[in-house]
1. Mind counting the residues in the range 57-88 that are touching a Leu at 6+ places or on another chain (Cβ under 7 Å), among the β-branched types (Val, Ile, Thr) and either within 14 Å of ligand 2 (Cβ to nearest atom) or under 12 Å from PHE33 (Cα atoms) (or both)?
2. List the helices (runs of 4 or more DSSP H) inside the range 133-210, counting only whole elements, that have at least 1 residues being more than 16 Å from ligand 2 (Cβ to nearest atom) and acidic (Asp, Glu).
3. Checking the structure you have, find out if any residue of the range 72-85 is within 14 Å of ligand 1 (Cβ to nearest atom), surrounded by 14 or more Cβ atoms within 10 Å (Cβ to Cβ) and touching a residue at least 40 places away in the same chain (Cβ under 8 Å).
4. Residue by residue through the range 3-14, note down the ones that are closer than 19 Å to GLY146 by Cα and more than 16 Å from ligand 2 (Cβ to nearest atom).
5. For residues that are away from ligand 1 (no atom under 16 Å from the Cβ) and not in a helix (DSSP H, G or I), tally how many sit in the range 32-61.
6. Would you confirm whether or not the range 176-187 contains a residue that is small (Gly, Ala, Ser) and over 21 Å from ALA30 (Cβ atoms)?
7. With the condition kept exactly as written, say whether any residue in the range 160-175 is surrounded by 24 or more Cβ atoms within 10 Å (Cβ to Cβ) and within 8 Å of ligand 1 (Cβ to nearest atom).
8. Which one of LYS126, LYS106, LYS58 is within 22 Å of ASP193 (Cβ to Cβ), over 18 Å from the mean Cα position of the chain (by Cα) and not β-branched (Val, Ile, Thr)?
Amino acid sequence: MREKIIAPSLLAADFANLQRDIETVNNSEAQWFHIDIMDGVFVPNISFGMPVVNAINKHAKKTMDVHLMIVDPDRYIKEFAALGANNLTIHYEACTHLHRTLQAIKAEGMKAGVALNPHTNVDLLKDIIKDIDIVLIMSVNPGFGGQSFIENTYTKVRRLKEMILNQNAETLIEIDGGVTNKNAEKLIKAGADILVAGSYVFKAENQLETIKDLKNLANS
Ligand code: DX5
Ligand code: ZN
């Protein structure tokens, strides 16, 4: 079986010590950095923008998994590619021409991801699943870290996994929001491939151990 991926979300890092927290992830068993971009329009919060992503890119030694919670993401595809993003995930709800947007992301050499809000039905991806490298299922409402996990997520993951298998697609399933050691195993069993964890990792006393434990649970 393919190794399951842990992606600590830098949204929960200490921004005054960002380099330190990036090094923690570099030295950990996590495989990806999850980087949340919020525009204050698509979601009610503003996180950080290009200068910060540029700074992250200077120190991050692992895959940069960028999650855009912004309207009209096509405007910034080239820019995020230039800033070192390896994966670029846009929101289904923010794209009128999803197929075109995905092609534009891939044309820049990045993996293309589609994120779904908690209310968005996974079946909406049926006709495009083969074009998607990663589906990110939001397990909280996007906009803030530290919220509690929405239980309906498991059902969505199972249905999406079934769709992927039925169509022989290679799409990976990523879960974002409220991930902890309490739900990690069940999410993987339901079909998840990637677990994003913000608060659970960065608010922990021993971040390296927390990442290691989460990765072990995901791969047990
Ligand atoms: C929320 C972001 C998440 C967030 C997860 O809008 O997309 O990536 O950082 O944070 P936790 O793990 O604290 O729920
Ligand atoms: Zn995210």
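1. The number of residues fulfilling the criteria is 1.
2. Result: 153-166, 184-190.
3. There is no residue in the range 72-85 that is within 14 Å of ligand 1 (Cβ to nearest atom), surrounded by 14 or more Cβ atoms within 10 Å (Cβ to Cβ) and touching a residue at least 40 places away in the same chain (Cβ under 8 Å).
4. Within the range 3-14, just ASP14 meets the criteria.
5. 1
6. The answer is no, given that none of the residues of the range 176-187 is small (Gly, Ala, Ser) and over 21 Å from ALA30 (Cβ atoms).
7. no
8. Criteria check complete, one pass: LYS126.
Values in this text are rule-based calculations from the coordinates and carry no lab data. Given the structure is predicted, the values throughout are model-derived calculations rather than measurements. Every residue, glycine among them, receives a Cβ derived from its backbone with ideal geometry; neighbour counts consider all protein chains shown.
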